[in-house]
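Since the structure comes first, as structure tokens, the remarks are kept for the end.
The values are calculated or read from the model by the stated rules, or taken from the named source; none is laboratory data. Only a predicted model underlies this, so the values are computations on that prediction, with no experimental measurement involved. All Cβ positions, glycine included, derive from the backbone under ideal geometry; neighbour counts span all protein chains shown. Please note that ligands, DNA and RNA were not included when accessible areas were found on the heavy atoms of the full protein model with its side chains. Shrake-Rupley method; radii C 1.70, N 1.55, O 1.52, S 1.80 Å.
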Amino acid sequence: METTKGTMLPETLRESILKKLSQQTGHVGFYFKNLVTGEELGYQEKDAFLAASVIKLPMFMAISKWDAEGAASMGETLKVREEDKMPICGALPLFTGEPVVDIRTLCNLMISLSDNTATNLLINRYGIPAYTEEFQKMGLVDTKLNRLLFDAEASAKGINNYIVPKEMGALLEQVARGAFVSPEVSKTINDTLLLQQINHKMGGILGENVPIAHKTGEDDDLTNDVGIVYAKQPFIACFAGHDTNVPQFEDFIRHTTAELYEMCQQ
């Protein structure tokens, strides 16, 4: 990608985005990077936020790396037992019986449908210590996988999963530039993120004709969305918010992504 040409964000837009962020309730963060000009904009972008389903992005990237290195196999199969089935999001809880599913399919479901059953199966298959070690190798400092999804006991003890907007942005930049493990691995990750079916946030105004390789996360008073927006000047956008007014923050996500897209189309 070019790094010296492209349109910079007007100062009025930068100030407007930061002002609107400062007016949100709760803890919110934002990170933007134009992958052509290198221009960045951030707001509490180095803070740790409750991850919800965005933790599935670095998990998927770790598994993809292990597969490329021969430490894991996307072709390995796991049996989905009845007791493994988690509340929806996802498809696996809707299957009757106990299907046998390969790791590649579990990853696809974890990303495109945010399948919680697939996610917990993948956490248990490799173990939290392995993810912790791999996250560190991937350059993640405060992004952490600490527990299974829907682990009420751990949650009650304050044990949660965390993401950092700028750290998610750094991972996504590697994917966009074909620099995560290899061009082939990066492309597979990117193509899987493009299959995302939860598109009412960053893609809510832009619509399906604008490719966005992204991963969302939702919970009570929490909403996140991180991804690569493929404008003429592709850019990274990472939004995170908890203890926030979800409808208000998601409206901000939609409109801000659309405004950034308009500028990066020039």
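Mind listing which trypsin sites (Lys or Arg not before Pro) in the stretch 192-250 are in a DSSP loop and have 16 or fewer other Cβ atoms within 10 Å? Don't skip to the end; give the middle numbers.
Values: sites: K201, K215, K232; in loops: K201, K232.
When the trypsin sites (Lys or Arg not before Pro) of the stretch 192-250 are filtered for loop state and at most 16 Cβ neighbours within 10 Å, K232 remain.
Heavy-atom accessible area per residue, the chain, 1.4 Å probe: how many Å²? Let's see the in-between values first.
On the way: 11410 Å² over 266 residues.
It amounts to 43 Å² per residue over the chain.
Can you list which of the trypsin sites (Lys or Arg not before Pro) found in the stretch 129-184 are DSSP loop residues with at most 10 other C-beta atoms within 10 Å? Spell out each step's value before the answer.
On the way: sites: K137, K144, R147, K157, K166, R177; in loops: R147, K157, R177.
Qualifying residues, ordered by number: K157.
What whole-number distance in Å separates the alpha-carbon centres of the stretch 1-50 and the stretch 173-200?
Cα centroid of the stretch 1-50 versus Cα centroid of the stretch 173-200: 21 Å apart.
Under the classification rounded if a/c is under 1.5, otherwise prolate if a/b is larger than b/c and oblate if not, where does the stretch 124-220 fall, given a ≥ b ≥ c as square roots of the Cα gyration tensor eigenvalues? Could you put the intermediate results ahead of the total?
Details: a/c = 2.19, a/b = 1.30, b/c = 1.69.
Oblate.
List, in the order given, every pair from K33/K166; K65/K137; K20/K201; K19/K232; K187/K215 whose Cα-Cα distance in the structure shown is over 18 Å.
K19/K232
Taking loop as defined by DSSP and a crowding limit of 14 other beta carbons within 10 Å, which GluC sites (Glu not before Pro) in the stretch 1-68 fit? Don't jump to the answer; show the numbers that get you there.
Numbers: sites: E2, E11, E15, E39, E40, E45; in loops: E2, E39, E45.
The qualifying sites are E2.
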